[in-house]
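The values are calculated or read from the model by the stated rules, or taken from the named source; none is laboratory data. Just so we're clear, the structure is a prediction, and the values are computed from it rather than from any experiment. Positions of Cβ are backbone-derived with ideal geometry, glycine not excepted, and every protein chain shown enters the neighbour counts. The accessibility values were calculated without ligands, DNA or RNA, using every heavy atom of the protein model including side chains. Shrake-Rupley method; radii C 1.70, N 1.55, O 1.52, S 1.80 Å.
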Amino acid sequence: RGARVGRLHGVPFTVKENIEMLGSATTQGLVAFANLIPPRDAPHIAQLKAAGAIPIARTNLPDIATRWHTDNELHGATINPWDASRSPGGSSGGDAAALATGMTPLGMGNDYFGSLRVPAQFCGVASLRPTLGRVAQASSLLENFPMSLQLMGVQGPMARHVSDLRLAFRSMHGFDARDPWWSSQPLKGPRIGRRVAVQTHADDPQVAAGIRRAADALADAGYDVVEEPAPMIIEGSDAAQDLVASDSNMLADLVRPFLGRDASTFIDTWVGLRPPIDKAGYVQAFSIRQGVARAWTQFQQEYPLVLGPVSTRRPFAVGRDLQGTAAVFEIFDSLRLVVIVNLVGLPAVTVPVGVADGLPQAVQIIGPHYQEY
């Protein structure tokens, strides 16, 4: 017909059910929102459509994306395709499982506290958590978000191959006036160095072996790979937990009537992991965030790339996150390198690196701000 063919012309993709898409319910995994139809596409969904991509299905998530496991009372549980007794991760677990089983070549998820990277590791696929402000985001249904979500949440692609992440990202990082914090940084920044700081800590030998495999591959490709601990992991992840738990606690009474039993159980446990903070503590957590961001900016002057685990443990058993404070803390503690990325808004790509003991292995590679490409 002589029409322009977009970069993703004819490519099918799936969309997590907390991302708004015209003509399809944005359920947030809630029974009460089963018929909540948005009046507009989210910015990056509109951009993907304009590039020729075709949305074919919606994908599952936990109630309002609250857990690192994907289950809700509206659709039920998403199953890890490698081992049904283990979690597929969350909260973008539906897209991860769909990618791993060949249902789609491309998925759209988001990442507030590891929601792109955890399911990517658990299901053996790739994901990109962009720099905060890189991908425009907006909602027509929920206009006001808690402060921690504004500062830590981003939209990002998932795929089976890193090359597909790159292709999708090129088509979804454009301007949209609905997002006042969108950044106009060029897609390609100045070339960065080839020094890689490897974070070797892992609680499970299966995860440790994956990190070594990735480090060896980078060294073989000519990167300068050294073991060097990244700064302020404990302080930063604790501050992030304080901010998110505080916001969750403030919103708990508002959202509780809509949540399923398991989501309510998890939120109550999550909020209770650390002592509640007052207004002064909330301000202090933001002060710590500033210090962590400064420390990482300085660290990445010498080590632009940071290689490490997503979770330091293999996928946890289904139901583990409902077994009380000790179990939830164990999961959180395994994800500190994930959480620090959210706190300071850095980009990170999750890359599958192999299979061991019947489960996928993956690592995350963290870059400087606006250096995804």
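Within the range 228-259, how many residues are open to solvent by 20 Å² or more (accessible area, probe 1.4 Å) and not in a helix (DSSP H, G or I)?
Final tally of qualifying residues: 5.
Which condition from (1) modelled with pLDDT of 95 or more; (2) assigned to a helix (DSSP H, G or I); (3) among the aliphatic types (A, V, I, L, M); (4) farther than 25 Å from Thr297 by Cα is the one that Ala177 breaks?
Result: Ala177 passes all but (2).
For the range 260-298, give me each residue that is among the polar types (S, T, N, Q), out of contact with any Leu (no Cβ under 6 Å at 6 or more places or on another chain) and surrounded by 15 or more Cβ atoms within 10 Å (Cβ to Cβ).
Hits for the range 260-298 are Ser264, Thr269.
Output the residues belonging to the range 361-373 that are under 13 Å from Arg117 (Cα atoms) and either open to solvent by less than 30 Å² (accessible area, probe 1.4 Å) or of a type in the set (D, E, K, R) (or both).
Across the range 361-373, the qualifying residues are Gln361, Ala362, Val363, Gln364, Ile366.
Determine which single condition Ala202 fails, assuming it passes every other condition in (1) within 17 Å of Pro368 (Cα to Cα); (2) buried (at least 18 other Cβ atoms within 10 Å of the Cβ).
Exception for Ala202: condition (1).
Can you list residue pairs whose Cβ atoms sit under 7 Å apart, with the first residue in the range 158-184 being at negative phi and the second being open to solvent by 20 Å² or more (accessible area, probe 1.4 Å) and not in a loop (DSSP other than H, G, I, E, B)? Count only pairs 6 or more apart in sequence or on different chains.
Here the result reads Val162/Val349; Val162/Val351; Leu165/Val349; Ser171/Gln47; Met172/Gln47; Gly174/Gln47, each pair linking the range 158-184 to a residue that is open to solvent by 20 Å² or more (accessible area, probe 1.4 Å) and not in a loop (DSSP other than H, G, I, E, B).
Which members of the range 1-28 meet the condition of being under 25 Å from Arg67 (Cβ atoms) and either outside any loop (DSSP other than H, G, I, E, B) or in contact with a His (Cβ under 7 Å, 6 or more places away or on another chain) (or both)?
Answer for the range 1-28, where residues must be under 25 Å from Arg67 (Cβ atoms) and either outside any loop (DSSP other than H, G, I, E, B) or in contact with a His (Cβ under 7 Å, 6 or more places away or on another chain) (or both): Phe13, Thr14, Val15, Lys16, Met21, Ser24.
Take the residues of the range 292-342 that are assigned to a helix (DSSP H, G or I) and of a type in the set (D, E, K, R): which is nearest to the chain's Cα centre (by Cα)?
Restricting to residues being assigned to a helix (DSSP H, G or I) and of a type in the set (D, E, K, R), the top hit is Arg336.
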